[in-house]
Structure formats: C-alpha cells, structure tokens
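The values are calculated or read from the model by the stated rules, or taken from the named source; none is laboratory data. If you're wondering where the values come from, they're calculated on a predicted model, not measured in any experiment. Virtual Cβ from ideal backbone geometry, glycine too; neighbours counted across all protein chains shown.
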Amino acid sequence: MSNIATQLPPFGWYPDPAGSHMLRWWDGQAWTNRLEKPRPEIQIANGYSQQQSTLSRLIAS
C-alpha cells in the first residue's frame, strides 16, 4: 500500500501555482499563505520541474 506522504514533494519555496509570479511556501503537506518575491537568497525547492505536475494537482484539489 502506498503512503501519500512519501509521494508529496518536500517543503520549500515553489513558483505559486495560482499564477501570481511569486513564490509560495509548500510546508510538505499543504500550501501556505506565505508569498515572497523571487530573490537570489530564496532558492526554489530542488526538483521543482520534476514535481510541478504533482504540485499543480495539489493546488487544484
């Protein structure tokens, strides 16, 4: 049996799936209300391009 927690992307800053052109904090289980402008000191979470479809499905649900 698959555990959904092992399928979720790690916590971190990701491009806002709502399309705001900002970064939104993913806490590892859900999107938060925390938004930041992209800045050099804020690194987008590793593997974003590989996890983009998973995150898009999460925001849609």
Worksheet entry | Counted residues, region 5-54 - those being surrounded by 16 or more Cβ atoms within 10 Å (Cβ to Cβ) and at pLDDT 60 or above | 14
Worksheet item: When residues of region 19-49 are filtered for being closer than 16 Å to Leu8 by Cβ and not in a loop (DSSP other than H, G, I, E, B), how many remain?
Response: 6
